[in-house]
Amino acid sequence: MTAIRDSQTSVGFNLFEQSLTKPTAKEKGLLLVFPEWDKDIIYVARYVDEIIISLAKKHNLWNPEGETTGGQDIDPDQLIPHILKVKGPNVVGVIGGIIQGNLAGREEVAILAGLLTRFVWDVPDAGDFVNIRRQADTKILFSIPKSVFTGEQLGNQNLTESKYQPLVGFLNDLKLVTRAYVDKVFGTVTENGGIESAKTLIGRMIGEYGDSVEIMHVQNPNIRDYLKQLYLDKAIREGREVLPWLRNPELWYLSQVNTLGILGVVNEVSCTPGISIDEIKVLGEFYDQVSSFVLVVLDDINDVEEDAFYGDPNFFHDLLSGKHLEQVTIMEQMYGNIYEYQGYQENNELAAKYFFALLGRAYLEKERSLLASLGKERAYKHQKMFRDMVKFYTLQLMMKGKTDDSFELECMNIFTFEVGDIVISP
């Protein structure tokens, strides 16, 4: 762990020693479930959060003793303590997944993974908690992490929710820290343009994720449906190849929440300094649509109650309500009939189970393509990252008290069964 102990961020923090506290029960539980993860990932996560805490204090956004019920009247200084408390296991899981075990020589990659977790999705997507739901505000919050990779100059950064304006300053400072680690991991742009192409792809993924969150946060269902259709129309107009079963506005915007893809590209670049533009395109295709959609749906299984409380859409709830039968039929035609799910048209729960079985087959099709393009050694870590994330979502359900006979875990287990173990050949 020498590299972490000696590292200095661009704003002058050296906080690793302060993070050497005992792991929490949840963190110990993660290491039991993922014994191949190096125990020091917990210290990396603490190091990242110490950076976050220091920046929060700088902008008067740190009040861990405040009330954390959420809502319109919440004080801004309660947001970041709430994020670190509620989403603490997430950053450990992301770091554990991206480094694939031993930290030797990969400390900077692990730190960057932790920073991206907080910077790209935890803070900008916290509108549920503090009621930052206007599209203009969401766009500003996501534009800051996106600019790390695109290098674009940012225009107006004034939130309409003015009391949350300190978040903009916080994110801009976090941008400096994150960019320093991006430069360390990515290095200089090579002649083949691979690094530049990787940054462009990540910037696009962050932008698509931000667009999706904007839609999710719209409270008027009519406006939300209108925006979903516009989002799909834009993809088709741009000539993107949209999978037939995702050619639906209700599903398309969910397939663009590509957080795993961001980590996958960072992982591949860190392992392949001379990565080519064609190889980056292969990664973009692998992480596009299916794998991102899977993780959103699994997240929705975990968030059914939370989404109902905030009035947000939830795909798993919709599926159980009988929606998307047409998509199940399209998927059946594409990925093959499974006899045990016959009669799903008249049974919503059976249709939901069938959907997850077919979703597993849809993912495997993407995985076979990755294997054919990159080979089994380079494809392995991406397969492992995906399975670790699925396992992580399953663990979250179990930590909420769900048992194997619960419908939520049953659907996850159906999906996991279809995906199976890591494939070592195309």
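Since every read-out is calculated from the coordinates, none of them should be taken as a lab result. Since the model is a prediction, treat every value here as computed from it, not as a measurement. All Cβ positions, even for glycine, are placed from backbone atoms using ideal geometry, and neighbour counts span all protein chains on display.
Restricting to Cα pairs below 8 Å that are 6+ residues apart, what does the relative contact order work out to for the chain? Please round to a whole percent.
On the way: 531 pairs, mean separation 55.0, N = 426.
RCO, the chain: 13 percent.
Counting each DSSP H run of 4 or more residues in the chain as -39500 (n - 2.57), what helix-only mean residue ellipticity at 222 nm follows after dividing by all residues, to the nearest 500 deg cm²/dmol? It would help to have the intermediate numbers written out before the result.
Working: 21 runs with 270 residues, N = 426.
Result for the chain, helices only: -20000 deg cm²/dmol.
Just want the answer: with Cβ charges of +1 for Lys and Arg and -1 for Asp and Glu, which residue in 132, 92, 151 is farthest toward the dipole's positive end in the chain?
151
Can you give the Rg to Rh ratio for the chain, taking only C-alpha atoms and Rh from Kirkwood? Intermediate results must be reported in sequence, preceding the final value.
Numbers: Rg = 20.8 Å, Rh = 22.2 Å.
Over the Cα atoms of the chain, Rg/Rh equals 0.94.
Of all GluC sites (Glu not before Pro) in the range 85-192, which ones are in loop regions per DSSP and have a Cβ with at most 15 other Cβ atoms within 10 Å? Intermediate values should be presented prior to the final figure.
Working: sites: 107, 108, 152, 161, 191; in loops: 152, 161, 191.
Here the sparse-neighbourhood loop sites are 152, 191.
Quick one: which of 323/402; 26/400; 28/184 span more than 22 angstrom between C-alpha atoms? Please report the intermediate quantities before stating the final value.
Details: 323/402 24 Å; 26/400 12 Å; 28/184 30 Å.
With Cα atoms farther than 22 Å apart: 323/402; 28/184.
Would you mind working out the magnitude of the charge dipole of the chain relative to its Cα centre, with +1 at each Lys and Arg C-beta and -1 at each Asp and Glu C-beta, to the nearest 20 Debye? The partial results should precede the final answer.
Details: 42 positive and 61 negative charges, 190 e Å.
The dipole of the chain has a size of about 920 debye.
Just 239, 66, 193 to compare: in a GNM of the chain, with alpha carbon springs under 10 Å, which one fluctuates most?
Looking only at 239, 66, 193, the biggest GNM fluctuation is shown by 239.
Share of Cα-Cα pairs in the range 138-280 beyond 26 Å, in percent? Working shown, then result.
Numbers: 3517 of 10153 pairs.
Pairs farther apart than 26 Å: 35 percent.
Please sort through the DSSP H helices of the chain and keep those with an alpha-carbon extent of at least 27 Å along the long axis and a Kyte-Doolittle average not below -1.0. If you can, show how the numbers build up before the last one.
Working: long enough: 166-186 (29 Å, 0.60); 194-217 (34 Å, 0.03); 348-374 (39 Å, 0.21); 376-399 (33 Å, -0.76).
Membrane-span-like by this criterion, though nothing is claimed about a membrane: 166-186, 194-217, 348-374, 376-399.
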